[in-house]
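The values are calculated or read from the model by the stated rules, or taken from the named source; none is laboratory data. All values derive from a computational prediction rather than experimental measurement. Note: accessible area is taken over every heavy atom of the protein model, side chains too, but ligands, DNA and RNA are not part of it. Shrake-Rupley method; radii C 1.70, N 1.55, O 1.52, S 1.80 Å.
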Amino acid sequence: MAELGTATIVYRNSSDEIEEVTVDNDHIAYFQDHWLFAYGTDEDGNDMVRRVPSERVYHVERSVEELESTFDTAVDKAKDTLEDLK
């Protein structure tokens, strides 16, 4: 499996403290004005996801080279699929 790099999110939690969490890039997403990230597992082994409103996030840093490579690969695959459909 390809290494996708990491992302670090810095945000103010519900206790009004600043937290910094680093996760794999494939475990963080931005959706509907919230940052979502997996931060552990429950007793059944299911991922636990934290949803942080964007206004509570100071910044998110991602290792861009790995993401660029991943996106380039996805774009190439999409182009190949389109060519196959023609």
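Miscellaneous remarks
- Kirkwood analysis of the Cα pair distances in region 1-65 returns a hydrodynamic radius of 12.4 Å.
- The accessible-area ordering, largest first, of the residues Glu61, Glu20, Glu43 stands as Glu43, Glu20, Glu61, per a 1.4 angstrom probe.
- Measuring with a 1.4 angstrom probe and ignoring ligands and nucleic acids, Leu36 comes out at about 40 Å² accessible.
- When the surface is traced with a 1.4 Å probe over the full set of protein chains, Ser63 keeps roughly 30 Å² accessible.
- Ordering Asp26, Asp44 by accessible surface, largest first, gives Asp44, Asp26; the 1.4 Å probe counts only protein heavy atoms, with every chain in place.
- Computed with a 1.4 Å probe over protein heavy atoms only, the accessible area of His59 comes to about 80 Å².
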